[in-house]
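Novice: Handing you this structure, nothing more for now.
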Amino acid sequence: MAVRISLTQCPSCGSSSVFPALSAKDHTVTHEIFEIWHCDDCTNRFTQGMPDADSIGTYYQSASYVSHSDTQKGFINRLYHLVRNYTLGSKKKLVQKFSGKKSGSLLDVGAGTGSFANTMQEAGWEVTGLEPDNTARANAEQKYGLKLIPPGLLFELEEAQFDVITLWHVLEHVHDLHGYLARFQHLLKPGGRLLIAVPNYTSYDARYYKNCWAAYDVPRHLYHFSPKGMELLARKKSFVLENIQPMWFDSFYVSMLSEQYKNGSGNLIGALWTGMLSNLKAFLNKKKGSSVIYIFFKKPV
Ligand SMILES: [Zn+2]
């Protein structure tokens, strides 16, 4: 039986000005309905009644949960993998640009099957990967020879050893939000960079699809960040926002899934149109990306 966490305060900023904003369905595993609550102070949202850390596992038990598998069946999955290869290169360039280093030391939190960790290792980076899923860790070792470690070891790693810490669509899954962010502060070298990619519910595609927006992905996504809320949260942990980058392909991918959830079938044209409009808005204002990458630096003390 899942243990649910009922919150009366915002898990990001602690404010009591929280209220239900919409109800969303778990489309991939249980088809349960969850309420998404909004914080009036920091504007971040959260999944009300989120399963606790010991219960959440059952909500990941699905073959279609693409982030955790390397399956290439189906059009969306094939496209996903094609795009992923392109975005891996973009992520590498972003890390190199903002760290100012061609190679260095990197911690990838939520490494999955290790594709990004592998890309960085091949570029000469010394990579530590953290991944909770046993199967994903085994796959990463078999496929790339990567040694990934379970998340519990985050708190045993030596401090001030990383130039860069990356979380690609991971922070929204982490129960110990504040503990993790505080830990990153200690693990980074002075001047180190923290890159956090998360979905953005203030994007055009999120507004358009409302409770069918695929990136709400309840209850696996415990939090739903706005650019304002993310900056406030990170600032509390002494991180300074340096830059924001939209993720151009996420708008299409999320719109395609959202069309399925909304209509019960795929609508490629509709998804492409919505994805394009979302990107147009993000082109004019980077804070409007369907998903965004926040680049923070560690505030000098
Ligand atoms: Zn808040």
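Laboratory data are not the source of any read-out in this text; all were calculated from the coordinates shown. Small disclaimer: the values here were computed from a predicted structure and weren't measured. For neighbour counting, all protein chains shown are included, and Cβ atoms are generated from backbone atoms with ideal geometry for every residue, glycine included.
Novice: Note down the nm distance, to one decimal, between modelled labels 7 Å out along Cα→Cβ at Asn134 and at Gln161.
Specialist: 2.5 nm
Novice: Further question: If we count other beta carbons within 10 Å of each Cβ, what is the order of Trp273, Trp125, fewest first?
Specialist: Trp273, Trp125
Novice: Quick one: dipole size for the chain, taken about the Cα centre, charges +1 on Lys/Arg Cβ and -1 on Asp/Glu Cβ, in debye to the nearest 20. Spell out each step's value before the answer.
Specialist: Details: 32 positive and 26 negative charges, 218 e Å.
It comes to approximately 1040 debye.
Novice: Same structure, new question: Taking a ≥ b ≥ c as the square roots of the eigenvalues of the Cα gyration tensor of the range 81-172, is the shape rounded (a/c under 1.5), prolate (a/b larger than b/c) or oblate?
Specialist: oblate
Novice: Further, regarding this structure: Could you sort out which of Lys262/Lys286; Lys147/Lys262; Lys93/Lys299; Lys237/Lys287; Lys25/Lys228 sit more than 29 Å apart by Cα distance in this structure? Before the final figure, lay out the partial values.
Specialist: Values: Lys262/Lys286 26 Å; Lys147/Lys262 40 Å; Lys93/Lys299 23 Å; Lys237/Lys287 21 Å; Lys25/Lys228 26 Å.
Where the Cα-Cα span goes over 29 Å, the pairs concerned are Lys147/Lys262.
Novice: Same structure, new question: What is the ratio of the Cα radius of gyration of the chain to 2.2 N^0.38 Å, with N the residue count, to two decimals?
Specialist: Numbers: Rg = 18.2 Å, N = 301, 2.2 N^0.38 = 19.2 Å.
Ratio of Cα Rg to 2.2 N^0.38 Å: 0.95.
Novice: Strictly under 4.7 angstrom between C-beta atoms: which cysteines of the chain have no such partner?
Specialist: Cys212
Novice: By per-residue mean of other Cβ atoms within 10 Å, what is the highest-first order of 115-121, 37-43, 79-85?
Specialist: Answer by packing, highest mean first, reads 115-121, 37-43, 79-85.
Novice: Calculate, for Phe75 and Val29, the FRET efficiency according to 1/(1 + (r/R0)^6) with r their C-beta to C-beta distance and R0 22 Å; round to the nearest 0.05.
Specialist: Details: r = 21 Å, r/R0 = 0.96.
My answer for the efficiency is 0.55.
Novice: Amide H to amide H under 5 Å from Ala111: which residues, 5+ apart in sequence or cross-chain, H placed 1.01 Å off N in plane?
Specialist: For Ala111, the qualifying residues are Leu130, Glu131.
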